[in-house]
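The values are calculated or read from the model by the stated rules, or taken from the named source; none is laboratory data. Owing to the predicted nature of the structure, the values given are computational and were not obtained by experimental measurement. As a convention, Cβ positions derive from the backbone with ideal geometry for all residues, glycine included, and neighbour counts pool all protein chains shown.
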Amino acid sequence: MDPLLPQPGSTIDPRNAVGRRRTTERARRELGAGNNLALNDPRRMGKTVWLDLFCADPGDNFEAIKIDFEGVRTCEEFLVRTATALSKHQTLPAQAMRKLKAMFDNVEISGGPVTVKVGVSTRASTDLLAETVRSVDDHLDDEISLVIAMDEVPIAIGNIASNEGPNAANQLLQTLRGLRRSGSKLRWIVCGSVGFHHILRQCDATEGVINDLVNLPLGPMEHDEAQELCERLLIGIKREGDEGAVEALVTHSGSIPFLIHALAHRLHESGTGQISASDVSTAFADFMDDRDDSRAVTHLVTRLEPLYGERARAAETLLDTVAVKDSIQVSEAGCKDDILTDLCDDHYLVERGGAVRWRYNVLQRIWMHRRRLK
Amino acid sequence: MNADGTSLSRFTPSLMSHELLERLFVARRKTLDAVIARIGAAAKTPERNHTLLVGPRGAGKTHLVSLVYHRVKNDLESGTALQVSWLPEDPWTIVSYGHLLAAIAERLESGDQGDIPQSPAKIEAYLNERAHEGGPIVVIVENLDQILGSLGNEGQQQLRHLLQADRSLLLIATSTRLDRSLSDQASPFYGFFTTTRLEPFSVKEAAAMLTTIAEERGDDDVVAYLATDEGRARLRTITHLAGGQPRIWATLASALTVAGLDELINLLLTRFDDLTPYYQEQLSRLSGQQRLVVAQLAELDHPINVVELADRLGVDQRSLGKTMSELVDRGWASPTTSPVTELLDRRRTYYELAEPLARLSFQIKESRGKPLALIVEFLKSWFDPADLGESEVGEVTAEYLLLASAGHDHDPIIAVTRRLHRLPVTRAPELALLDEIDEALGRLREKDPEPFLQLPTPVRVALEEQLETPGPIFVRVEIHEAALGEVGHTRHSAMESWITRTVAWMEASDGRERTTAQLMLAEWLGRAWRFDEAEEVLSAAAFSFQEDDDAVLGVRDSLAHSYREAGRLDRAIPLYEETLAICERVLEADDPNRLVSRNNLANAYREAGRAEDAIPLLEETLAAWERILDADDPNALVSRNNLASAYQDAGHLDQAIPLFEIALGARERVLGASHPDTLVSRNNLANAYREAGRAEDAIPLLEETLAAWELLLGENHSKTLTSRNNLALAYGVAGRLDEAIPLFESTLAVRERVLGVDHPNTLTSRNNLALAYGTVGRLDEAISLLESALAAYERVLGADHPNTLVAHKNLDAYRAAARSDV
């Protein structure tokens, strides 16, 4: 088993990504069946890592390109970001490349940056985007499907809504929807940690612009994969775990990879020698007691205000109630339906059989600790 | 100055050589190794594990990244595919994403840079191109929080995209705090970095650093001293001042001996001058209420909760709760970390200033050219009283030393802190603070940590250490013993609260703790002269112990001492005799406890006028001490002094005076001229001179002694009063009654007030004043005083006590003289 060093954030080497085999298999199946996917787990659940992992090995008859849209502020930047990524794809058909060169400067040189040619710059960015993507689709080998994995799309759409107005953002969403509907050899994975429902509200769009996407839930890791990650990290930090240590690490972290890495990082920094289950429990308790660190894992607490605005207090109260009681009936929720719906869409809660509970136990525990609930 | 020309104490890593930085680097090697491993991985794989080092100013961030820089440079020379760009420490000119990219490009240290383009998109492409050619660029960026703040949300998104998508850069960043831009879930850099907080240096780590610096300076004495328990204890006393910051520790390293004081003060003032604008600039960014809170935290010497703080500031608790939360986020305040906080109601948090040095921004503003309190605190904590008085220093330093020395005389916090750290005690009265501590320890025992958290921080921290090892019972006993040492064996109003608390302690505990509390209660009751109760409690406690248990023997001895002080020699002597009998039965002939016991009995004999019984005991004791100890050992010196006193009592001044002279000479040599034991010796020799008719030899010694006691203990302390009485006696013998009488009068007045009218010492005073009045012909006043003294002597000491007999004789003589005058 190869050692791994803790890396709670940052950009990992896909060769070091552990697990998510079932997610990958399911993604291949869905994409093979012609579906496009939405990946909208909360931040730090491992979406980007999985995208990197998938794009490095998309499976037979698939090629994949990942495009990160973070920092995109306008439709034109969205277009340029897309064109830049496509132009760097090594097996891009020559005809598609010629088309790109006709529309953009610097697509062939590594010195960049890619810019829209003056000759076409008067055309709407969304039209150019559609034309760019279709030119690729039109020239792909018949045997091959190209997966375009778009990361941080909601952030980009939100920025565009702020900078160019809701209509521009809506138009872009419509264009993307159109491309997904028409592309025969293209497949799409749309990924983002800010819930689409918040962004759609911001740009006056309806669910219709994304309802073609099949949800691909990531969630915590499978138990055996979480174990593997824990074991490799303990080897990496040169702290052998006793029989219970790995299991404790899996349990305390709720099999969430970010938490596993964060705990391993803490264990790495806090001592040497063999680790027991009790060491892991202490590390986790210290982690939650540490205001800085706990803020890093209790992101759900800080997320409410910007996204829920005036509804934040009612949402917090509902989360408190469900956390303390463990589960309540929907009828007991005592707040507007839209709050409950948003809390479910944002992955705080899950509704099953008329009852509501926290989606992830570990986050429930952290929430309770942070809110000092008993 | 170091061999390579760099001042170590200024500790500016960017000016220091790689080799020196490596040699001085302690405690954080694991962190450095981890960062270097991440850089190594970036050189060989697509992995980009970006690092964020978080710590306040002076936490050692620049030292660490300087080493990263040097090591990367070394790697480059050996052909590793890396590049490095180290951005300026104060990033005032980086106000946008474009500026940041330009700064990275401009500081890229590899080959010909060519023309750096202007637009952000072009610089991105330029950097990618460079990385493509020469390997990833390691960007060392300090104060990242400030840069991200300047970039704004969109700039941060662009940066994150650049880092994620192109993998051209690897950030090794530092920040003074994890502010919103690094920790809010909605922020682009939320959870992005592998973050390491540079924790404050522990005492052990600080010692390692100071030792390394001392080695570098070739100061072997300091190296050796830092390895001692006392050296570590001394470091603990200043930990709260340094805030665990390596840079401040490094500065302090310049003055671990008195010889370096001038340099230290100069350096600290310079360092504080450097830091103050930073803190003041940070302060100016706060709201009015936030500034008020910070000012309050800076003023307090202990943590505080929101309720108390709201009360002090007269503001609403709810809004203050929010303010505190904001100040924690901004790095101004931090929840107190103490092992006892786990006992707190979870909604109750105690806060303190996150960086102790931030106090400077207030102190400097308020000092108006006067010495800075923080430096005075350091001097009081680090140096012993004896160190501060005997150094030759510049004018500014002298002013600081004067204040520190005054602190040793008056500051109970420093006195108790030093006591708890087992450092030489200072002269400041501690009783009120000890009372507060005992109350806090009692409440802590009942699971209420709040009074404990409200103790002055250095005292609390010292106590926490003791609570860990050797444990709570030991700590409580130690505090009680310190208080007992303060109050002595004379009834004192403060004793009642101690007795009440000790009863509560005893009732709430069981087993060994209960019997310990019981013994302590017996001790307190004895000190308060509640003898019957003391005997009863002692008897009850003694059931649980062996007859010869040290603790029980100690309390019996103390009780006998209290009897002596109360003039109850009839009960003191049997108790001493009984104790000595036990010691002789169970202890070896030269066992120190046995010798002490014999000494105590002999002193009681002396007081009872039985000097001839005392002398053989004391001769035997002195011989034993001299056999088992060095002649200058304090125990031997006490013994010699006691034997001399017994000779004096028995009228053998020819034997007493040489012994007193030897004892004084030894104490001056061993303890110093101002030590309390030296003062006692000087006083005794002077009294012997007086009795031998050598008043003119006695007077200068007694004047010197009285001045020293007044300085050490104040004008009303029992030792000062005894000294004043003795000087008055010497004046009387020398015929200087106009000087003697006012001294006798003031002594009597104070003793009546403090000790009570029937106390043996008060009676002695009354007797002495009467004699002085009689000598100058004020017979009516003399007779009146002697009558009241005699009545009290008979009541308290009995009709046959030597003092009673002397008073009787004096009264008869004056009455006769008065009759003959008529």
Matching helices (runs of 4 or more DSSP H) fully within the stretch B:323-394 where at least 3 residues are touching a Phe, Trp or Tyr at 6+ places or on another chain (Cβ under 7 Å), at pLDDT below 85 and not small (Gly, Ala, Ser): none
Residue check: is A:ASN36 assigned by TED's automatic domain parsing to the domain that holds A:ALA124 and at pLDDT below 90? no
Flag for B:ILE116 being within 13 Å of chain A (Cβ to nearest Cβ), in a loop (DSSP other than H, G, I, E, B) and either aliphatic (A, V, I, L, M) or in contact with a Cys (Cβ under 8 Å, 6 or more places away or on another chain) (or both): yes
Among the residues of the stretch A:178-189, is any of a type in the set (A, V, I, L, M, F, W, C) and within 14 Å of chain B (Cβ to nearest Cβ)? no
Of all residues in the stretch B:283-303, how many are without any contact (Cβ under 8 Å) to a residue 60 or more places away in the chain and not basic (Lys, Arg)? 11
Please determine whether any residue of the stretch B:688-702 is more than 20 Å from B:ASN641 (Cα to Cα) and among the hydroxyl-bearing types (Ser, Thr, Tyr). no
Please verify whether the stretch B:114-123 includes one or more residues that are more than 21 Å from B:ARG38 (Cα to Cα) and touching a residue at least 24 places away in the same chain (Cβ under 8 Å). yes
Out of B:ALA81, B:ALA27, B:ALA34, report the one residue that is under 41 Å from the mean Cα position of the chain (by Cα), in a loop (DSSP other than H, G, I, E, B) and aliphatic (A, V, I, L, M). B:ALA27
Across (1) farther than 30 Å from B:ALA27 by Cα; (2) surrounded by 23 or more Cβ atoms within 10 Å (Cβ to Cβ); (3) out of contact with any Lys or Arg (no Cβ under 9 Å at 6 or more places or on another chain), B:GLY135 clears everything bar (2)
Which residues, taken from the stretch B:480-497, are aliphatic (A, V, I, L, M) and at pLDDT below 90? B:VAL487, B:ALA494
Scanning for something without any contact (Cβ under 8 Å) to a residue 40 or more places away in the chain and either more than 12 Å from chain B (Cβ to nearest Cβ) or surrounded by fewer than 21 Cβ atoms within 10 Å (Cβ to Cβ) (or both), does the stretch A:65-73 turn up at least one residue? no
It is to be established whether one or more residues within the stretch A:184-196 are assigned by TED's automatic domain parsing to the domain that holds A:ASP41, within 20 Å of the chain's Cα centre (by Cα), surrounded by 19 or more Cβ atoms within 10 Å (Cβ to Cβ) and part of a helix (DSSP H, G or I). yes
Odd one out for B:HIS489, checked against (1) over 26 Å from B:ALA242 (Cα atoms); (2) in a helix (DSSP H, G or I); (3) in contact with a helix residue (DSSP H, G or I) (Cβ under 6 Å, 6 or more places away or on another chain): (2)
For B:ALA373, are the conditions met, namely being in contact with a His (Cβ under 6 Å, 6 or more places away or on another chain) and away from chain A (no Cβ under 14 Å)? no
Selection count where residues are within 14 Å of chain B (Cβ to nearest Cβ), among the small types (Gly, Ala, Ser) and surrounded by 23 or more Cβ atoms within 10 Å (Cβ to Cβ), scope the stretch A:11-48: 1
When (1) within 14 Å of chain A (Cβ to nearest Cβ); (2) among the hydroxyl-bearing types (Ser, Thr, Tyr); (3) over 30 Å from B:ALA358 (Cα atoms) are applied to B:SER78, the one that fails is (1)
The correct count of residues that are surrounded by 21 or more Cβ atoms within 10 Å (Cβ to Cβ) and either more than 9 Å from chain A (Cβ to nearest Cβ) or over 15 Å from B:ALA59 (Cα atoms) (or both) in the stretch B:173-183 is 7
Residues satisfying the stated conditions in the stretch A:100-141, i.e. within 14 Å of chain B (Cβ to nearest Cβ), surrounded by fewer than 14 Cβ atoms within 10 Å (Cβ to Cβ) and in contact (Cβ under 8 Å) with a residue 12 or more places away in the chain: A:GLU108
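Mind listing whichever residues of the stretch B:193-213 are basic (Lys, Arg) and more than 18 Å from B:LEU24 (Cβ to Cβ)? Before you say what the answer is, go through the steps one by one.
Start the filter on the stretch B:193-213 by keeping residues that are basic (Lys, Arg), which leaves B:197, B:204.
Of everything in the stretch B:193-213, just one residue is basic (Lys, Arg) and more than 18 Å from B:LEU24 (Cβ to Cβ), namely B:ARG197.
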Can you tell me how many residues in the stretch B:536-574 are in contact with a Ser or Thr (Cβ under 9 Å, 6 or more places away or on another chain), in contact (Cβ under 8 Å) with a residue 12 or more places away in the chain and in a loop (DSSP other than H, G, I, E, B)? 4
Condition test on B:LEU360, is it away from chain A (no Cβ under 12 Å) and closer than 27 Å to B:PRO472 by Cβ? no
For the list (1) surrounded by fewer than 23 Cβ atoms within 10 Å (Cβ to Cβ); (2) over 35 Å from the mean Cα position of the chain (by Cα), I need the number of the one condition that B:ALA686 fails. (1)
Could we say that B:LEU327 is within 14 Å of chain A (Cβ to nearest Cβ) and more than 30 Å from B:LEU441 (Cβ to Cβ) here? yes
From the list B:THR337, B:THR270, exactly one residue is hydroxyl-bearing (Ser, Thr, Tyr), away from chain A (no Cβ under 14 Å) and exposed (fewer than 15 other Cβ atoms within 10 Å of the Cβ). Which is it? B:THR270
Would you point out the residue of the stretch A:330-372, among those that are over 24 Å from the mean Cα position of the chain (by Cα), within 14 Å of chain B (Cβ to nearest Cβ) and touching a residue at least 24 places away in the same chain (Cβ under 8 Å), that is farthest from A:THR251 (Cα to Cα)? A:ARG371
I'd like the residue in the stretch B:184-213 that is in contact (Cβ under 8 Å) with a residue 40 or more places away in the chain and assigned to a helix (DSSP H, G or I) and, out of all such residues, is nearest to the other protein chains (Cβ to nearest Cβ). B:GLU205
Could you tell me whether the stretch B:100-113 includes any residue that is surrounded by fewer than 18 Cβ atoms within 10 Å (Cβ to Cβ), at pLDDT 90 or above and farther than 30 Å from B:GLU205 by Cα? yes
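Yes or no, residue by residue, for (1) within 20 Å of B:SER562 (Cβ to Cβ); (2) of a type in the set (Phe, Trp, Tyr); (3) in contact (Cβ under 8 Å) with a residue 40 or more places away in the chain; (4) in a helix (DSSP H, G or I):
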site: B:ARG751; (1), (2), (3), (4): yes, no, no, yes
site: B:GLY756; (1), (2), (3), (4): yes, no, yes, no
site: B:LEU763; (1), (2), (3), (4): yes, no, yes, yes
site: B:ASN768; (1), (2), (3), (4): no, no, yes, yes
site: B:GLU794; (1), (2), (3), (4): no, no, no, yes
site: B:ALA799; (1), (2), (3), (4): no, no, no, no
site: B:ASP812; (1), (2), (3), (4): no, no, no, yes
site: B:ARG815; (1), (2), (3), (4): no, no, no, yes
site: B:ALA818; (1), (2), (3), (4): no, no, no, yes
